[in-house]
Amino acid sequence: MSQTALFALGLNYRTAPIEIRERVAFPAAAQRDAVDSLRRATFADEATLVSTCNRTELYLRAPHVDALDRAANWVAELPRVRGLDIRPHLYRLKDAEVPRHAFRMASGLDSMILGEPQVLGQVKLAVKIASDANALSGPLDRLFQETFQVAKTVRSQTAIGTTSVSMAAASAKLASQLFGDMRQVRVLLIGTGEMIQLAATHFAAFNPKTIVVANRTLANAAAIAAQFNATPMALDEVPSCIHEFDVVITSTASTLPIIGKGMIERAIKRRRHKPMFLVDLAVPRDIEPEVHEVEDAYLHTLDSLGRIIDQNIGTRQAAIAEADAIIETYTDAFMRWMDARKSVPLIQQLRSKADDYRLAELERAQKMLARGDDPVKVLEYLSHGLTNKLLHHPLKSLRDSSGEQRERVSDIVQDMFHLEKPHDGSL
């Protein structure tokens, strides 16, 4: 297998439920160390780790397809994965499958919400982290630069994404269906990342009675709250006042749940069983899954939202076909570039050999000039010397070959030097 071979291994919302995906999720702060560890484990020349709410994917450039087995072993040995049979949830990609999948993923065609735009930003962050770790330096880096271009082209030349519904928008719509008049609803947003900012945008459009933004760092909560006429809150205040809120949206980078079943049971009791609408947009999850057992608590996760949201796939089949046609064109071009790279070592050797000939003849010519030889004769000797050296090996191969081998060598030489085939079949 060529050193420029690319591979990918991963799992996503199609192959693994959220309880599996959250075990393999990597927050941004942990991705650099993970990339370093992945490269060591797989002997990869390049590596990138893309981890979003709906997928974790490992992209590798490695000397052999065995890198996929090593990558699968690496995933299986992650502390949060040990004891789970993770392999049935993994997909393996190689050759043209790798760029095609990367292009579709970044363009939003492989998302739970067709055309959702957040994934491209997450891929760009993953590439930056890998670049900072010196894990991108060749074909894999080229692949992701192409990926960004493909995503831009798909979004500018097709209708993909024009009617996409983000998880945040879906959450606001479902909440409005539950409560009706949102002007009397109190909303608690926990976290300050992109998903929470999107949620704040969509909920603010309903003019709820109150929006509160909670975060471990109060200054960060205040910065988001200021944009939406909301109130900041320290995260440690949430347990004592969560019962005051009708809607709770969470999306933090916590590795452990921050809202448990007991907390919600107490909140519902204090609310006299007035419904609570909770949405967990985090992976790993912020809210214990057992909360869905609490009466009058309506808990949604990324997976349940994905099942509920009407994606209107039928109305966008033409856009999907157009996007896939664009992606196929870029995939073919990238694979041709990859194939051409296989000749690079031979080209380098050929140039080096030709340069050796040039230097040898140049040195001889310089000596002839130094002893006073006629410059015209020196140039003649120089041109003949270069010609003889460059033609020596092709002519020797022709003389030394016979039969079918001679015909093959003849065809190669004729093609290489753009020669016409002799009419009588002679050389």
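The values are calculated or read from the model by the stated rules, or taken from the named source; none is laboratory data. Keep in mind that this is a model prediction, so the values were computed, not measured. With ideal geometry, Cβ positions are generated from the backbone for all residues, glycine too; neighbour counts draw on all protein chains shown. Note: areas computed on protein heavy atoms with side chains; ligands, DNA, RNA excluded. Shrake-Rupley method; radii C 1.70, N 1.55, O 1.52, S 1.80 Å.
Data table
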item: Exposed-site-free run, longest, the chain (rule: trypsin sites (Lys or Arg not before Pro); DSSP loop; at most 14 other C-beta within 10 Å); result: 83-208
item: R0 of 56 Å, Cβ-Cβ distance Ser343-Thr217: FRET efficiency to nearest 0.05; result: 0.55
item: Cleavage-rule hits, chymotrypsin sites (Phe, Trp or Tyr not before Pro), region 30-108, DSSP coil, Cβ neighbours within 10 Å at most 14; result: Phe43
item: Local electrostatic count, Asn12, Cβ distance below 9 Å [Lys/Arg +1, Asp/Glu -1]; result: +1
item: Computed lengthening from Cys241 to Ala354, 0.36 nm per intervening residue step minus Cα-Cα distance; result: 32.8 nm
item: Surface share of carbon and sulfur [accessible, 1.4 angstrom probe, percent] for region 200-328; result: 51
item: Region 357-427 and region 124-149: distance between their alpha carbon centers, rounded to Å; result: 44
item: Of Leu109, Thr48, Ala200, farthest towards positive along the dipole that unit charges on Lys, Arg, Asp, Glu beta carbons give the chain; result: Ala200
item: Relative contact order (%) - the chain, alpha-carbon pairs under 8 angstrom, separation at least six; result: 13
item: Residue-averaged 222 nm ellipticity for the chain, from DSSP H runs of 4+ at -39500 (n - 2.57), nearest 500; result: -16500 deg cm²/dmol
item: Accessible area in square angstrom per residue, the chain, 1.4 angstrom probe; result: 51
item: From phi via Karplus (6.51, -1.76, 1.60), per-residue ³J(HN,Hα) for region 381-395 in Hz, x at Gly/Pro; result: 4, 4, 5, 5, x, 5, 4, 4, 5, 5, 8, 4, 5, x, 5
item: Counting DSSP beta bridges with both ends in the chain, the antiparallel % (nearest 5); result: 45
item: Dipole in debye (nearest 20) - the chain, about Cα centre, beta carbon charges: Lys, Arg +1; Asp, Glu -1; result: 560
item: Whole-Hz couplings from phi, Karplus 6.51/-1.76/1.60, listed for region 136-144; x for Gly and Pro; result: 10, 8, x, x, 5, 4, 4, 4, 6
item: Share of carbon and sulfur in the accessible heavy-atom surface of region 74-159 [1.4 Å probe, %]; result: 48
item: 0 to 90° range, to nearest 10: angle between helix 218-227 axis and the chain longest Cα axis; result: 90
item: Candidates Met338, Met416, Met105: whichever shows maximal mean-square fluctuation once the chain is modelled as a Gaussian network with Cα springs under 10 Å; result: Met416
item: Where labels lie 7 Å past Cα in the beta-carbon direction, separation of Leu84 and Lys421 in nm; result: 6.2
item: Degrees between helix 28-42 axis and first principal axis of the chain (Cα, 0 to 90, nearest 10); result: 40
item: Formal net charge of residues neighbouring Gln414 (Cβ-Cβ distance under 14 Å; K, R +1; D, E -1); result: -1
item: Crossing angle, helix 317-341 versus the chain [Cα axis fit, 0-90 degrees, rounded to tens]; result: 40
item: Accessible-area ranking of Ser137, Ser304, Ser171, largest first, probe 1.4 Å; result: Ser137, Ser304, Ser171
item: Computed label-point distance, nm, for sites Thr255 and Ser37 using a 7 Å Cα→Cβ extension; result: 0.9
item: Descending semi-axes in Å of region 92-191, equivalent ellipsoid built from Cα gyration tensor; result: 34, 17, 11
item: Förster-model FRET efficiency, 35 Å R0, Asp69 and Gln317, C-beta, rounded to 0.05; result: 0.40
item: For Leu299, distant residues with modelled amide H under 5 Å away; result: Leu278
item: Rounded FRET efficiency, nearest 0.05, which uses the C-beta distance separating Asp332 from Thr210 and R0 of 60 Å; result: 0.65
item: Net charge contributed by nearby residues that have their C-beta within less than 14 Å of Gly260 (K/R +1, D/E -1); result: -3
item: For region 4-17, Karplus couplings with θ = phi - 60° (6.51, -1.76, 1.60), whole Hz, Gly/Pro x; result: 9, 6, 10, 9, 9, 9, x, 9, 9, 5, 7, 9, 8, x
item: Reduced Cα scattering model of region 333-420, Debye log10 I(q)/I(0), q = 0.14 Å⁻¹; result: -0.73
